[in-house]
Amino acid sequence: GESPVHAGRDDDDARGLEVLAVGEQALQARDAAVGAPPHFGSAAIAGPGMLYVSGGNDGRTFHAVTYVGAIDSQGLIAGWTAAAPLNAPRYLHGMTTDGHGGLSVIGGYGELSITTSVETTPLQRGLPTGWSFATPLPQARDFLVAVDGLGAIYSIGGQTVANGADVYRSATSEP
């Protein structure tokens, strides 16, 4: 069966974090303790030894934040670094590699509505160096999936004003 989760206070912990003995809650508490706030609707992608997280909504504000988490030898997030923010706040967007050693974020919900916006950034020593706008999607969408393959970025499905389920292919340019 499942192990019970024990929650209590560790008086020796200056941050007063709950001590969670087992399970996913323990990993979430540890990851939150190292500095990255959890946001609803963030997008993420893993690379060699790194986890990239962008955007999100904390219930009050849409965010343009980008965090990079170093993954330790046990597969846990060893720490978070705030990196170059997106140009436009968004959540419920897609995120993928761009085929040239960088990252792309695609679509999502912006400050006022579903967006066609696409942003890309190169990486330097594993960190985003600065986001720039790229060719937008032909139709606004959020809740989409983004993947990189064979020199193209595919945005799949998602919600549009008409709830379409198209697949769009966008060629990636050489760096």
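Ordering of 43-50, 71-78 by packing is 43-50, 71-78, highest average first (other Cβ atoms within 10 Å, averaged per residue).
What full-extension length gain, to one decimal in nm, is calculated for residue 50 and residue 112 as 0.36 nm per residue of separation minus the Cα-Cα distance? List each step's numbers first, then the result.
Working: separation 62, 0.36 × 62 = 22.32 nm, distance 3.14 nm.
Working it through step by step, the gained length comes to 19.2 nm.
Subtracting the Cα-Cα distance from 0.36 nm times the residue separation, let me have the gained length for residue 58 to residue 73 in nm, one decimal. Don't skip to the end; give the middle numbers.
Values: separation 15, 0.36 × 15 = 5.40 nm, distance 2.99 nm.
Difference between extended and current length: 2.4 nm.
Considering only protein heavy atoms and a probe of 1.4 Å, how much of the accessible area of the stretch 62-147 is carbon and sulfur, as a whole percent?
Details: 2130 of 3780 Å².
After summing per-atom areas, the C and S share lands at 56 percent.
The values are calculated or read from the model by the stated rules, or taken from the named source; none is laboratory data. Computed from a predicted structure; not experimentally measured. Don't worry about glycine lacking a Cβ; one is built from the backbone with ideal geometry, like all the others, and counts go over all protein chains shown. The accessibility values were calculated without ligands, DNA or RNA, using every heavy atom of the protein model including side chains. Shrake-Rupley method; radii C 1.70, N 1.55, O 1.52, S 1.80 Å.
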